[in-house]
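What follows is a single structure, written as C-alpha cells, with notes after it.
The values are calculated or read from the model by the stated rules, or taken from the named source; none is laboratory data. As the structure is a prediction and not an experimental result, all values here were calculated from the model. Here Cβ is always computed from backbone atoms with ideal geometry, including for glycine, and neighbour counts include all displayed protein chains.
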Amino acid sequence: MRSVFKFFRKRDNQGYLYILPWIIGFLLLQLYPFVSSLYYSFTDYTITNSPSFIGLENYIKLFTKDREFWNSLKVTVIYTIYTVPLKLVMALFVAVFLNRDIKGINLIRTLYYLPSLFGGSVAIALLWRLMFMDQGIINSMLAALNLPTVQFLGNTKTSLPLICSIEIWQFGSSMVMFLAALKQVPMSLYEAAEIDGAGKITSFFKITLPSITPIIFFTIIMQTISALQNFTSASVITGGGPLKSTYVLGLKLYTDGFSYFKMGYASATSWVIFVIIMIVTLLLFRSSSGWVYYEDEGQF
Amino acid sequence: MRRKKTKRAIIFQYLIIFIIGAVLLYPIIWMFFASFKTNEEIFNSVKLLPSGFSWDNFKEGWSIAGGYTYTDFFINTFLLVIPTTLFTVASSALVAYGFARFRFKLKKPLFGLLIATLMLPNSVIIIPRYILFNKFGWVNTYLPFYVPAILACGPFFIFMLVQFLRGVPKELDESAAIDGCGSFRTLVQIILPLMKPALFSAGLFQFLWTYNDYFNPLIFINSVKKYPVSLALRMSLDSESVVVWGKIMAMAFVAVLPVMLLFFFAQKYFVEGIATTGLKG
Amino acid sequence: MKKRVISAFLSMAMVASVFGAAVNVSAEEAHDPVELRFSWWGGDERHEATLAVIEAFEAEYPWITVEPEYGSSEGYREKLSTQLASGTAPDVVQIDPGQMPELIANGDYFFDLRAEGFDLSNFDEVFISKSHEGNFDGKQYGLPSGTTATTVLVNKGLAEKLGINITDEPFTWQDMIEMGKAVHEADETKYLFGVNTHYLTSIVTGTAVPQLTGSAIIPDATGEIAASTEDFTTVFEFIQALYDNNVVPPANYMAAFTGDNLQNDPNWINGNYVCTITYSSMLEVLMAAAPDVEFDIGQLPTWEDGADVVYSMGCPQLFSIPTSTEHKEEAMLFLDFWYNNETSMELQKCTRSLPPTAKAREICAQTGSLNELVAKAADVCEGYLSENSFDDSTTFSTEGFQIISDAIDGMGYGTMTAAEAAEYVMEGLSTLVE
C-alpha cells in the first residue's frame, strides 16, 4: 500500500491515474471486439454458422483470387489522396479568412459550417444525385455557359471525383478545429512581430502556421484514417458503381460482411485496412518531427 | 493597432465571403426549397423555387405511423446525445491531460494503442460489440452510448485534445507546480480554462456525430418509442413504398436546426480571445 | 384483492371465449403475460395496417402484448444479421426472400413451420413449396407475406400512339428488338423498355436463360450449373442488342437509377418509356410516380422457340419464427392469427402486395383495397405459370445476383462483349457453387 502511494507521489506517474478511464474502457469495451475481429479473420464465419478455424485462407484469397480487392484498394487510395489535402486546404484557407472581426461573422461561420452538419445524410446524397444527373442543375449551368455536359453519375471517370466532392464540401469540421486553434495563438506573438515590422503575410507563415501545426497534423491523420475507411457517401450516392469505380474498401468490406454474410472474410479485409492505415500513420508520425511545432518541444 | 480598412477592401471581403458561401450553400438552399415540392417537381424540373409554398411536407413529416412524432424523437435524441457529449468531454479531457502532461513509462505504447483503436473499421467490430453489450443487458437502452463515453472510448477526442494541449506552454504547469499546485488543481484551474475552444470543439463534434449517428442506434435500439431523430429520418426511406422526398428534405432540415443553433450560440466560446494571459515574456 | 384478481381473469377468459374458437383459453387457465417482439420494414401505410392487425390480435389474446419494431428497409438486413448472430432476434421477423438462402445455409435459425403443425390450409400448396417462398428441402422456414407477379407495366397512351400492342398480343423477347428500334428511331426521347441493370439481371436474365434452356440456372434440386457458357452468350447477345438498338436507355444514364429507383427517373415520370418489366409489388409505387400516365398491364415475353413459359408467382417478404425465441407458442399464435384470421386479412389490405392466400385476396377484392391493375397483373401472370419448378436460390442470392449484374454492366459500358460477360458469369457462378 505504501509503495502505491509512493508511486503516485511522483508527479509523472499520476498520468496513469488520469488515463485510467480509458484503460478501463479499452479493456472492457474495446479489447474484446478488437481481438474477436482478428480471430474471425482466421475463420470461415458467415454469421449463420459457428466460426471454424481456416488459418490464412481468407488472406490468401483476398490477395490472390479477389479481383475486387485490388480495384477497391486503388479506388480508396485515390479517394484519400484527393479528399484529404483538398479538404485541409479549404478548411485552413476559410478558417484563416474567417478569423477576423467582421460584422455578422457569427452568422457567416455558422453558414459555412452548415454543410458538415448534415453528415452522411441521405437527403444530401439524393441531392447530389439530383444536382449531377444528366438533366440536373449542374449540367444545365454548363450548357448555359456553352460548355460540354458531363455524365457525372454514369461515367466511370467522373464518379469518383463526384464522391470526393461531397466529402470536400463538408470541410466544416476541420474548419472549426482550425478556428479554435487559431484562437489559441497568443496575441503577444503577433504584437511582437508587428513591432519588428513583419507584414501580414510574413506573420501568417512565420507565426500562425507554425503555431497550429499540431492541429494540422491531427487533421491530416484523422482525415486519412477516416478516408481510408469511408463508405457512406459511396454507398448512398453511387452504390459503389458504375462498374465498381467508387467501390471503396470500406464499402466492399461492409457488403462482404452484411450482404454476403462473409464475416470472416470481411474481418480479414478490415485487418488489411488496419495494417495499411497503421503504416501510413507511422510514416506521418515519423515525418511530423520535421514540421510540427510543439510547445513542449516535442518532448512527448 | 490595425490599419484602417478601406471601403474597397471591406466590400471585396464581403464579396468573397458571399461567393464562397453561395457555392457552398447552394445545395442546402435547394434542399430547403425542395421540401415544398412534390416528387414530380423535384425529379423533373431544375428550377430552384417551388411552384407552391405548402407546409404539408413539414406537417405530415412530423408524425409517423404508430402515433409517434418528432417531438418524441427529439426528446430521445437529447436524452441520448447530451449525456454522451458531456461524459465524452469530461473523460477525454482527463485522459488527454494524462497523456500530454505526464511522462510515465508505458506512455508511448499506450498512446500508440489508443491511435490503433481508431484504425479498425466499425462495421467489423459491431457484431462482437453487440454480443458484448447484449451480455451486459444494454441492448435497447442508451447505455451502449453512455458507458463508452464515460470510459473515454473516443480516441478521436483524446488525440485531438492532446494535440491542443501540446500547444499550451508547459511553463504554465511548471509555475503552478512551483506555487504548490497539485496536478489536479493545475488541470482544473489553469489548463481547462485555456482549453475552452478545444473542449467546445470536442463537445460540438461528439454532439454532432452522436446526433447524426445512424448505424449504432439502428443496431442497439429496437423499440420505436426510443428512436432518436437519426433513425426516424430514415424511416421514410423504404424501398418498397412511395418515398415522398419533400418530406425527407423537410425533416432533414428540421433535424439540422438544433445543431445549427447550438453552433451559432456556442461560437463565442471559440471566439473568447484566449490570449494566453499567463505568458509574460 | 386476490378475489378481485381471480374474478378479473375469469371475466377476461369468458369474454375471450365468447369471441372465438381460435382462442384456446380455458376458463380455469390463467396465462402469464407474454411480450412478443415483431419486426418488419415498410412505409407508413404498411406500418399502420400492421399495427392495426397487432391491435386486433392483442384484443383476441389479451395476455399477449406485441412490441412492434419497425422502420424502413434501410439497414434492416444488417440489423437482422446482427440480431441473428447473437441470438437476440425478435420472436417474429419479416425477411427478404433473397436473403433466406444465405440465412438457412446451416438450417438452424428458423423453425420449420410444417413440423410445428402450423395451419397451412389457406395456402396454395404449390405456391409455398418453392424455395423462394420459404420451403427448403421440405422444411417450411418461412411463409410468404404476399404474392407478387412478374408484370409488364405499359404506358397505354404511348403504346397506342406508336402502334405497339403488347397488352393483348403475346410477344417474344426477340420481338422487342425490332419494336424498340422503331420506337427510338421515331422519337429520340422515347425508349421501348425502361429497365436498369437490376431488372435486366433479376427478370430479363432470370427468365430468358431458363426459357432458353428449359431449366433453372442452378436448380436447387441439383445445386449444379445447368446452363452452358453458350447459353449465357446467347442471352447476353440479346441484352447487348437491347443496348445497341436503343431499346433500353443507355447504361450510363440508368446508373443514376439503380435498384428500385425507376420511380425517380425523369424519363419514367414523363412517360417516355413504352413499358417496363417489374414485380406487381412495385406497381403502385411506379404508377404513383407518373400520375399523368395511363397504365395498363401487358403480356409477358417468352423466348422464341424456347421452353414453355417460366414465370412463377413470387413473394415480396417472408415471415419466420427464429429458433432463439422464448415464446414459440405465442409466436405461432400470432402468425396463425396473421394468416388465417379474417379480420387480420381485412386489416392488412394489400400493403404487402397481393395477399398470399386466396381467401385474403377475396376479402381485399370485396373491401376494395385491391388495385385493379395489380389484380390484372396477377391474372396475366397466372396465364404464364410454369408447371415445373425453377427453384434457384443460388443464382439469385445476393452474391450470385451481383455477379450477373456486374457482367451486364460490363456490356452496357462496353467493357465486355457478350461472350466475355458469359465467361465472367460462368466463372463467378462456378466459384459460388463450390
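The criterion of at least 1 residues that are hydroxyl-bearing (Ser, Thr, Tyr) and more than 7 Å from every other protein chain (Cβ to nearest Cβ) is met by the following helices (runs of 4 or more DSSP H) wholly inside the range B:119-173: B:143-150. If you take the residues in the range C:385-434 that are farther than 19 Å from C:GLU224 by Cβ and of a type in the set (D, E, K, R), which one is nearest to the other protein chains (Cβ to nearest Cβ)? Only one residue fits best here, namely C:ASP409. Of all the residues in the range A:140-151, those that are facing another protein chain (nearest Cβ under 9 Å) and in contact (Cβ under 8 Å) with a residue 12 or more places away in the chain number 1.
The residues of the range B:45-66 that are in a helix (DSSP H, G or I) and surrounded by 15 or more Cβ atoms within 10 Å (Cβ to Cβ), listed by number, are B:ASP56, B:ASN57, B:PHE58, B:GLU60, B:GLY61, B:TRP62.
Evaluation of A:THR232 against the conditions (1) away from chain B (no Cβ under 11 Å); (2) surrounded by fewer than 24 Cβ atoms within 10 Å (Cβ to Cβ) shows that the sole unmet condition is (1). In the range B:100-115, the qualifying residues are those that are crowded, with 16+ Cβ neighbours inside 10 Å and without any contact (Cβ under 8 Å) to a residue 60 or more places away in the chain, and the one that is nearest to the other protein chains (Cβ to nearest Cβ) is B:PHE104. Considering only residues that are in a helix (DSSP H, G or I), among the aliphatic types (A, V, I, L, M) and crowded, with 19+ Cβ neighbours inside 10 Å, which ones fall in the range C:92-126? Of everything in the range C:92-126, those that are in a helix (DSSP H, G or I), among the aliphatic types (A, V, I, L, M) and crowded, with 19+ Cβ neighbours inside 10 Å turn out to be C:MET100, C:LEU103, C:ILE104. Looking at this structure, is C:ASP296 within 9 Å of chain B (Cβ to nearest Cβ) and either within 13 Å of C:TYR384 (Cβ to Cβ) or not β-branched (Val, Ile, Thr) (or both)? So C:ASP296 does not fit the description; no.
Check whether at least one residue in the range C:37-46 is in contact with a Pro (Cβ under 9 Å, 6 or more places away or on another chain), closer than 19 Å to C:PRO97 by Cα, more than 7 Å from chain B (Cβ to nearest Cβ) and not small (Gly, Ala, Ser), and report yes or no. Yes, the range C:37-46 contains a residue that is in contact with a Pro (Cβ under 9 Å, 6 or more places away or on another chain), closer than 19 Å to C:PRO97 by Cα, more than 7 Å from chain B (Cβ to nearest Cβ) and not small (Gly, Ala, Ser).
If the condition is being of a type in the set (D, E, K, R) and either modelled with pLDDT of 85 or more or over 16 Å from A:PRO242 (Cα atoms) (or both), then the range A:124-165 contributes only A:LYS157. Being more than 7 Å from chain A (Cβ to nearest Cβ) and not β-branched (Val, Ile, Thr) is not true of B:TYR97.
Residues of the range A:62-105 that are more than 30 Å from C:THR431 (Cβ to Cβ), in contact with a Lys or Arg (Cβ under 8 Å, 6 or more places away or on another chain) and assigned to a helix (DSSP H, G or I): A:LEU98 alone.
Scanning the range A:1-59 for residues that are surrounded by 15 or more Cβ atoms within 10 Å (Cβ to Cβ), farther than 25 Å from B:LEU114 by Cα and without any contact (Cβ under 8 Å) to a residue 40 or more places away in the chain turns up A:ASN49, A:GLU57.
Scanning the range A:195-227 for residues that are over 10 Å from the mean Cα position of the chain (by Cα), away from every other protein chain (no Cβ under 11 Å) and of a type in the set (A, V, I, L, M) gives A:ALA198, A:ILE201, A:ILE207, A:LEU209. Assess whether A:GLY241 counts as being in a loop (DSSP other than H, G, I, E, B) and more than 30 Å from C:SER73 (Cβ to Cβ). No: the conditions fail for A:GLY241. Which of the residues belonging to the range B:100-118 are over 15 Å from A:ILE24 (Cα atoms) and either part of a helix (DSSP H, G or I) or at pLDDT 90 or above (or both)? Hits for the range B:100-118 are B:ALA100, B:ARG101, B:LYS107, B:LYS108, B:PRO109, B:GLY112, B:ILE115, B:ALA116. Of the helices (runs of 4 or more DSSP H) lying entirely inside the range C:202-315, the ones with 2 or more residues being buried (at least 22 other Cβ atoms within 10 Å of the Cβ) and of a type in the set (Val, Ile, Thr) are found at C:206-213, C:229-244. Among residues of the range C:79-99 that are on the phi > 0 side of the Ramachandran plot, those with a beta-carbon under 9 Å from a residue that is assigned to a strand (DSSP E or B) and at pLDDT 85 or above at least six positions away or on a different chain give the pairs C:GLY87/C:PRO322. Only one of (1) under 22 Å from A:GLY55 (Cα atoms); (2) more than 10 Å from chain B (Cβ to nearest Cβ) is not met by A:SER245, so which one is it? That leaves (1) as the condition not met.
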